[in-house]
Amino acid sequence: MFGRLARNETLLTGVLAGVKSLTAADYAVCVPYPYLAQAQAMLQGSNIAWGAQNLSPNEEGAFTGAVAPGMLVDFACRYVIIGHSERRGLFHESNEIAAAKFAAAQAAGLTPIFCVGETLAERESGVMEQVIATQLDAILVRFGVAALLKSVIAYEPVWAIGTGKTASPEQAQAVHAFIRQRVAAHDAAVAVKLCILYGGSVKAGNAAELFACADIDGGLIGGASLVVEDFVAICRAAQ
């Protein structure tokens, strides 16, 4: 929950200048709802897409304060983040709610960035794979593996978000490989095409090493995306 109009303008102007010549990767920013119009105005026609950080699973109705998928479409959003660990943890969003939002996003023509990940306690107790499998199965069982073709998966170890801690490349790759293998058990072709991002304190200094891993296709960037130089450096690492 960061940003003001003036600060956003400075940030987006710098990012636009920094990535305009980069063509070997896809770039997007997901901004708070009040700044979607600003993002659309500044980014349209560029090589940077935009999206939102959440949505309602409902198309419309008496849900004061909620934002419907169609409202995001009105601002030409391409992406929306679903199931972020902060939504799951702070707002108690279940796998079922995340799955409903995933379906609502796709029905509106949006590409969901579906987040999965474990807490430190879950990792240390040896249930990490079970937790992530359950989160994935909320999509696979309910909508089928083909639904993943129009989505992005983001692995975000909860213990590495905003803490300064980062999973080692080996740790991150192991989980990304597990995700891809679980999808491959349903459909190998979908698994090959699936884009899996790593999101856990990605910085300019560790991005290249993380992105070099076989099953890490890019990053879901948090704090570093608020600093022009850092975010552009990470974008360059994705080349």
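Readers should treat all values here as calculations from the given coordinates under stated rules, not as data from a laboratory. Fair warning: this is a prediction, and the values are worked out from it, not measured in the lab. When we count neighbours, we look across all protein chains shown, and the Cβ atoms used for this are built from the backbone with ideal geometry, even at glycine.
Couplings for region 58-64, taken from phi via the Karplus curve 6.51 cos²θ - 1.76 cosθ + 1.60 with θ = phi - 60°, read 9, 5, 6, x, 7, 10, 3 Hz in order; Gly and Pro are left as x.
If you build a Gaussian network model of the chain, linking Cα atoms that sit under 10 Å apart, which residue out of 46, 94, 125 swings the most? So, out of 46, 94, 125, the one fluctuating most is 125. Residues whose amide H comes within less than 5 Å of that of residue 202, counting only those at least five positions distant or on another chain, are 222 (H built at 1.01 Å from N in the peptide plane).
Number of Lys-Lys pairs in the chain with C-alpha atoms under 27 Å apart and a separation of 8 or more places or on different chains: 8. Of the residues 169, 213, 185, the one whose Cα sits farthest towards the positive end of the charge dipole of region 145-239 is 185 (charges of +1 on Lys and Arg Cβ, -1 on Asp and Glu Cβ, taken about the Cα centre).
Close amide H contacts of residue 29 (hydrogens built in the peptide plane, cut-off under 5 Å, sequence separation of 5 or more or a different chain): 49, 50, 51. In the elastic network of the chain, a GNM with C-alpha springs shorter than 10 Å, the most mobile of 127, 152, 175 is 127.
Over the chain, Cα pairs under 8 Å with separation of 6+ residues give a relative contact order of 16 percent. Measuring nothing but how far apart in sequence close Cα pairs (under 8 Å, 6+ apart) lie, relative to its length, region 190-239 scores a relative contact order of 42 percent.
Amide H to amide H distances under 5 Å link residue 219 with 198, where only residues 5 or more positions off or on other chains count and H is placed in the peptide plane. In region 1-130, Cα pairs under 8 Å separated by at least six residues give a relative contact order of 20 percent. Taken along its principal axes, the alpha carbon cloud of the chain reaches lengths of 46, 45, 34 Å, longest axis first. Each Lys and Arg adds +1 at its Cβ and each Asp and Glu adds -1 at its Cβ; summed about the Cα centre, the chain shows a dipole of about 360 debye.
Extension gain, residue 4 to residue 60, is 17.4 nm, computed as 0.36 nm per intervening residue step minus the present C-alpha separation. A Gaussian network model of the chain, with springs between Cα atoms under 10 Å, assigns the largest mean-square fluctuation among 36, 149, 90 to 90.
When each of 143, 63 is scored by the number of other beta-carbon atoms lying within 10 Å, the sequence from fewest to most is 63, 143. A DSSP coil position with no more than 16 other Cβ atoms inside 10 Å describes the following chymotrypsin sites (Phe, Trp or Tyr not before Pro) in region 1-35: 2.
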